[in-house]
Amino acid sequence: MAGAAHCSLQAKRLLLDPKFEGYKLSLEPLACYQLGLDAAVAEVQLRDDQYTLDHMRAFGMYNYLHLDSWYQDNVYYVDQFGRVMNLSVTLDTALQKPREVFRLPSDLTACDNRLCASIHFSSATQVTLSDGTGRLYLIKSGKRGNNASEKWEIVFNEELGSPFIIAHSVSFVKSDTHSLAVLLLRVEKDELDTKGSGFHVTLEWVTIEEISKEGKCVHKYEIIKRRVLQGKSVPHYAAIEQSGDGLMIVSHKPFKFMESESDKLEENDDTKVLNEKKDPLYYWQQTEDDVTITVHLPQDITKDDIKVCFSPDNISVTLRDQPPLMEGKLYSPVDHESCTWIIKENKSLEISLIKKNEGSRWPELILGDTRGEFIMDPSQCSQIAESLMHLTSEVMNPNPEKEKPPCNAQELEECDAFLEDGASLCRFDGDTLKVTHTINLGSNQYLFSVVVNPREMPCFCLRHDVDALLWQPHSDQPENMWEHIATFNALGYVQASKQDKKFMACAPDYSYAALCECLRRVFIYRQPTPLATVLYNRKEGRQVGQVAKQLVATLESNDPILGFQATNERLFVLTTKTLFLVKVNSGN
């Protein structure tokens, strides 16, 4: 990740509510409808050899209910007979039984090591489907939803090795050729891992392209590219960019692309070259006001052979007619008219740069250039050590009389502890297979993902302090790659207290967030809404203008919850034998 840009998530202040007072429990009844299933959901229990936390996260906590974001209130599941069943809702009081739209050709029970079948809706007319045995299907569905003539047709199917589930897929057109990119998730045995769990996680990025003959499409597809990433934890979030050019992953442990043999040979050659060049090309020092660069010159170089060009953001150093010795964008702007260079007596070139932003400390001289070595002045070392002294101590609170002590462990609650505080968000480039952007999420706990707009990448929700913030990736906007689009006040704190929670979701219009436990109970948290009556805060003696409500729904079933999806109006909850609909918002 040496060349990756280290970024940060910028929350929008206007979307934060520092005066949020909490949720008020509402006893208003929620309309709840239930549909009995003709056949049970095709649930796959974990085997004895699937004993790790990664197996539980990937397969044991799998969401068996699939929401089709291209069409409103349209959900699918696979039953034990291998049938893909659909329920499309237009009117709650006129619900019809789920109907079959497709049947998997293979007998699922014949495979001993199969996983759960998985579905992803790549576009408004195309679906990717896995039967859980290692076979991938590309389906042409036509218009889906409340359409009695909906018929799914297989346009591609191929055995792709060991069983997998589909993590994400996208459909796109490049150079007038239709393509699909699919992300496949596996947890595989790792013979080399003798100290860890003995397993690793792989994400296979498969690109499928439509075949054309003499410039005409023949409605057949073939795999043109297969790339594999490997990591040591199941990703919280993994999605391909809508253009098919990149990939974003949120995970506790890093992923990296597995190299082909030719890549390894090239890397070995590069390593040899780097090892040969042990001495730094240049040395540099800095103060609060300026930067000094020292470059050793060959014996036969004179002043006339040296060409140094300064600009506000760039520097270029050329010797004779050779390629530039140093060239690139500086870390921070300089006053280029005041920059100078001289040849010292010891046959070295000394360049002085005057910082435009005085007092700023540069972590690097030229962006991405690792050929130089920074030399720190001893006085600077002592200054830095002194400035950090207050952050280290052998006791928990060395100065208890201080108005704001650095930490008090007694004030921390159980729900403030994060088991995984090292998660990161990485963006991989599809051509170079390198990380281009990375964000250390630290204590910003991952909560859930949601598709707000099916033509955009899925959003992900992170805990920020007590709130839950929803982020929309924009792969085509490098300056605003992750946009804060909504806030669920105090949800980060509230969800941490629900020890039995299984799934979380939110409405695509952000009107509410919801979570369900493993059995029966569903919790709904509405956004604050204006009050029809006057309400006063007696502690502060002020009028309260709006209130956020918490609602609780209890399902009439003792079967475990297997699927959970939210739309703007309804919650869909799937158990082994029943599909529940909870009416949360009335339609416009």
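If you go through the range 504-531 and keep only what is farther than 21 Å from VAL451 by Cα and open to solvent by 40 Å² or more (accessible area, probe 1.4 Å), you end up with CYS518, LEU519, ARG520, ARG521, THR529, PRO530, LEU531.
Candidates in the range 290-306 are the residues that are among the charged types (D, E, K, R) and modelled with pLDDT under 90; of these, the one that is surrounded by the most Cβ atoms within 10 Å (Cβ to Cβ) is ASP305. Looking at the range 490-503, can you tell me whether even one residue there is open to solvent by less than 60 Å² (accessible area, probe 1.4 Å), in a strand (DSSP E or B) and at pLDDT 95 or above? Within the range 490-503, one or more residues are open to solvent by less than 60 Å² (accessible area, probe 1.4 Å), in a strand (DSSP E or B) and at pLDDT 95 or above. If we keep just the residues of the range 164-177 that are in a strand (DSSP E or B) and among the small types (Gly, Ala, Ser), which is farthest from PRO235 (Cα to Cα)? So, considering only residues that are in a strand (DSSP E or B) and among the small types (Gly, Ala, Ser), the one farthest from PRO235 (Cα to Cα) is SER171. Scanning the range 47-72 for residues that are among the acidic types (Asp, Glu) and within 25 Å of the chain's Cα centre (by Cα), we see that the one that is most open to solvent (accessible area, probe 1.4 Å) is ASP54. Tell me, please, whether a residue that is of a type outside the set (S, T, N, Q) and assigned to a strand (DSSP E or B) can be found in the range 9-16. No: zero hits.
Looking at the range 107-118, is at least one residue part of a strand (DSSP E or B), within 25 Å of ILE249 (Cα to Cα) and assigned by the TED database to the domain that holds THR207?
Checked against the condition, which is being part of a strand (DSSP E or B), within 25 Å of ILE249 (Cα to Cα) and assigned by the TED database to the domain that holds THR207, the range 107-118 yields at least one hit.
For the range 107-120, filtering for residues that are open to solvent by 20 Å² or more (accessible area, probe 1.4 Å) and out of contact with any Gly (no Cβ under 7 Å at 6 or more places or on another chain) leaves 7.
Annotation: of all residues in the range 150-177 being among the polar types (S, T, N, Q) and closer than 24 Å to GLU43 by Cβ, the one that is surrounded by the most Cβ atoms within 10 Å (Cβ to Cβ) is SER169.
Note on the range 1-46: among residues that are closer than 26 Å to ILE561 by Cα and under 30 Å from the mean Cα position of the chain (by Cα), the one that is most open to solvent (accessible area, probe 1.4 Å) is GLN45. The requirement of being of a type in the set (Phe, Trp, Tyr) and modelled with pLDDT of 95 or more is fulfilled somewhere in the range 132-145, by at least one residue.
Listed by position, the strands (runs of 3 or more DSSP E) inside the range 120-163 whose residues that are touching a residue at least 24 places away in the same chain (Cβ under 8 Å) and within 21 Å of PRO458 (Cα to Cα) number at least 1 are 126-130, 135-140. Restricting the search to strands (runs of 3 or more DSSP E) fully inside the range 338-434 and requiring at least 1 residues that are modelled with pLDDT of 80 or more and open to solvent by 50 Å² or more (accessible area, probe 1.4 Å) gives 340-343, 348-354, 372-374. Against the numbered list (1) on the phi < 0 side of the Ramachandran plot; (2) more than 25 Å from the chain's Cα centre (by Cα), GLY82 comes up short only at (1). Filtering the range 48-104 to residues that are assigned to a loop (DSSP other than H, G, I, E, B) and either of a type in the set (D, E, K, R) or not assigned by the TED database to the domain that holds GLU150 (or both) leaves ASP48, ASP49, ASP68, ASP73, LYS97.
The values are calculated or read from the model by the stated rules, or taken from the named source; none is laboratory data. As the structure is a computational prediction, the values presented were derived from the model and not from experiment. Every residue, glycine as well, gets a Cβ built from its backbone with ideal geometry; the counts of neighbours run over all protein chains shown. SASA here: full protein model, heavy atoms, side chains in, ligands and nucleic acids out. Shrake-Rupley method; radii C 1.70, N 1.55, O 1.52, S 1.80 Å.
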